[in-house]
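Following: one structure in structure tokens, then a few remarks.
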Amino acid sequence: MTAIDDLTREHDVVVNLIGEVRAARAATDTARMAELACRITAVLEPHTQVEEQGLFPALAADFPDHVTALRAEHRHIEAVLGEAVHGTPIDPTWPGRLVATLELLREHILKEQNGVFPAALANLDPDDWDAIDTIRAKVGTLLPAPGR
């Protein structure tokens, strides 16, 4: 399923970037952390739109509490990552909050990989997948085309 494959590949990119954030934190390079936070945001923006406009609505009737919790996690993650949108945050607590938020993001990714995506594969019909593909076509991705 192309939609799930793309979402999974985006997760892989984000997990690799999280590793880079950890290395930047170990080097006390807050500017690099902010740069990486922006790169993570760039990957997650279309990713989140596909989930929230296509995947989650299709699953909400069967899994309302899970969808609500995942949306709330998206908002929290976006808020902390978004603090870097205009450069390196001056708040001295931001690096620690970023690392904690990225731990939440890793857990969130596992919830999607191990719960949401299998549930979608089992429950969605062809019209749902067509709608998700339409959203993806509209919002795009930062991923290279498969095979490149």
### Message
Which numbered condition in (1) open to solvent by 60 Å² or more (accessible area, probe 1.4 Å); (2) farther than 18 Å from Leu7 by Cβ is the only one that Pro89 fails?
### Response
(1)
### Message
Looking at Ala37, Ala84, Ala131 in this structure, which one is open to solvent by 20 Å² or more (accessible area, probe 1.4 Å) and of a type in the set (Gly, Ala, Ser)?
### Response
Ala131
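Quick one: which of Leu98, Leu70 is over 24 Å from Leu55 (Cα atoms), open to solvent by less than 20 Å² (accessible area, probe 1.4 Å), in a helix (DSSP H, G or I) and touching a helix residue (DSSP H, G or I) at 6+ places or on another chain (Cβ under 8 Å)? Full working, then the answer.
On the way: Leu70 fails: over 24 Å from Leu55 (Cα atoms).
Result of the check over Leu98, Leu70: Leu98.
Could you check how many residues of the range 7-41 are outside any helix (DSSP H, G or I) and either touching a Gly at 6+ places or on another chain (Cβ under 7 Å) or among the small types (Gly, Ala, Ser) (or both)?
Step one: list which residues in the range 7-41 are outside any helix (DSSP H, G or I), which gives 27-29.
Add one more test, that the residue is either touching a Gly at 6+ places or on another chain (Cβ under 7 Å) or among the small types (Gly, Ala, Ser) (or both), and what stays is 27.
The number of residues fulfilling the criteria is 1.
The values are calculated or read from the model by the stated rules, or taken from the named source; none is laboratory data. Treat the numbers as computed from the prediction; the structure is a model and nothing was measured. Note: ideal-geometry Cβ built from the backbone for every residue, glycine included; neighbour counts use all protein chains shown. Accessible surface is based on the protein model in full, side chains and every heavy atom, while ligands, DNA and RNA are left aside. Shrake-Rupley method; radii C 1.70, N 1.55, O 1.52, S 1.80 Å.
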